[in-house]
1. Identify, by number, the condition in (1) in contact with a strand residue (DSSP E or B) (Cβ under 6 Å, 6 or more places away or on another chain); (2) modelled with pLDDT under 95 that Ile97 doesn't meet.
2. I'd like to check something: does the stretch 21-34 contain any residue that is surrounded by 15 or more Cβ atoms within 10 Å (Cβ to Cβ) and at pLDDT below 95?
3. Could you figure out which of (1) in contact with a helix residue (DSSP H, G or I) (Cβ under 9 Å, 6 or more places away or on another chain); (2) under 30 Å from Gly72 (Cβ atoms); (3) at pLDDT 95 or above isn't true of Gln194?
4. Tell me, yes or no, whether the stretch 43-62 has at least one residue that is charged (D, E, K, R) and within 28 Å of Lys140 (Cα to Cα).
5. Restricting the first residue to the stretch 67-88 and requiring it to be under 13 Å from Val100 (Cβ atoms), which pairs with a second residue that is of a type in the set (Lys, Arg) and surrounded by 12 or more Cβ atoms within 10 Å (Cβ to Cβ) meet a Cβ separation below 9 Å and a spacing of at least six or different chains?
6. Using beta carbons and a limit of 6 Å, which pairs, at least six apart or on different chains, have the first residue in the stretch 30-54 and without any contact (Cβ under 8 Å) to a residue 12 or more places away in the chain and the second one part of a helix (DSSP H, G or I) and of a type in the set (A, V, I, L, M)?
7. Check Gly165, Gly125 and return the single one that is on the phi > 0 side of the Ramachandran plot, of a type outside the set (Ser, Thr, Tyr) and surrounded by 12 or more Cβ atoms within 10 Å (Cβ to Cβ).
8. Just to verify a result, which residue in the stretch 168-194, among those that are of a type in the set (Gly, Ala, Ser) and more than 20 Å from Ile115 (Cβ to Cβ), is surrounded by the fewest Cβ atoms within 10 Å (Cβ to Cβ)?
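The values are calculated or read from the model by the stated rules, or taken from the named source; none is laboratory data. Quick caveat: nothing in here was measured; it's all calculated off a predicted structure. Cβ atoms come from the backbone with ideal geometry, glycine included; neighbour counts cover every protein chain shown.
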Amino acid sequence: MKDKLLMIVFVLVLGSILTASLLAVNDYTNPIIQTNNLRTVKSSILAAFGIPFNEENLDDIFSKNVKEELKGAATLYYSKTGDVAFEIAGSGLWGPIEGVLSLKHNLKTIKNLVIIHQEETPGLGGRISEKEFLNRFKGKAIYPKLEIVAPGKALNDNQVDGITGATMSGKALEALLNSEIKKYTSVLSEDTGQ
């Protein structure tokens with residue numbers, strides 16, 4: 001009986017020490033993680049606007065070139081040229097996709113798309129975050145809706161050539177982008193009265 005009691009006390013003490021250690025590590029690392037996440041968003045917004053920066057001057061360049069506005073539940077970022085950017089997030093085929101989309105000041109044309117995080121199949125759907133694919137979105141119209149079509153089949157201003165072998169990931173990205181564009185442009189049109 002005494003052995004069982006000692007074992008229970010040992011497990012409780014060890015569990016308490018480990019729990020306290022994990023809480024201390026979490027308290028120490030959480031602000032660092034939050035800072036790094038904020039820097040990732042800032043750098044993605046600057047990249048979406050095409051504003052050059054480096055790690056040392058990120059915060060300074062961001063504060064001088066980007067204006068952040070909260071409109072209802074939406075956070076919008078404006079460049080000095082009047083372009084607007086917003087964070088996008090939603091479901092891909094296999095996991096979440098997060099990024100930043102910027103629109104030219106006319107609010108009808110994509111300036112740039114940056115993917116921050118995606119969990120699509122490496123070598124196939126995962127190619128949605130490659131610069132070569134993302135460059136295909138530049139200058140594309142968002143109306144009537146953005147379409148990702150079979151490679152080599154983009155004929156209209158609102159069509160983007162997809163990735164061979166990644167049709168479903170492309171369609172998931174298309175649905176995500178159209179949903180986020182609709183959400184944010186409705187907020188923007190309230191401001192402009194369109």
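1. For Ile97, the exception is condition (2).
2. As a first pass, look at the stretch 21-34 and keep what is surrounded by 15 or more Cβ atoms within 10 Å (Cβ to Cβ): none.
No: zero hits.
3. (3)
4. Pass one, the stretch 43-62, residues charged (D, E, K, R): 55-56, 59-60.
Filter once more, so that each one left must be within 28 Å of Lys140 (Cα to Cα): none.
The answer is no, given that none of the residues of the stretch 43-62 is charged (D, E, K, R) and within 28 Å of Lys140 (Cα to Cα).
5. Ser79/Lys111; Asp83/Lys104; Asp83/Lys111; Val84/Lys104; Val84/Lys111; Ala85/Lys111; Phe86/Lys183
6. Going by the 6 Å Cβ cut-off, the qualifying pairs are Phe53/Leu46; Phe53/Ile61.
7. On the way: Gly125 fails: on the phi > 0 side of the Ramachandran plot.
Step by step, each of Gly165, Gly125 is checked, and only Gly165 is on the phi > 0 side of the Ramachandran plot, of a type outside the set (Ser, Thr, Tyr) and surrounded by 12 or more Cβ atoms within 10 Å (Cβ to Cβ).
8. Taking the stretch 168-194 and keeping what is of a type in the set (Gly, Ala, Ser), we get 169-170, 172, 175, 179, 186, 189, 193.
From what is left, the residues that are more than 20 Å from Ile115 (Cβ to Cβ) are 186, 189, 193.
Working: Ser186: 11, Ser189: 11, Gly193: 5.
Selected residue: Gly193.
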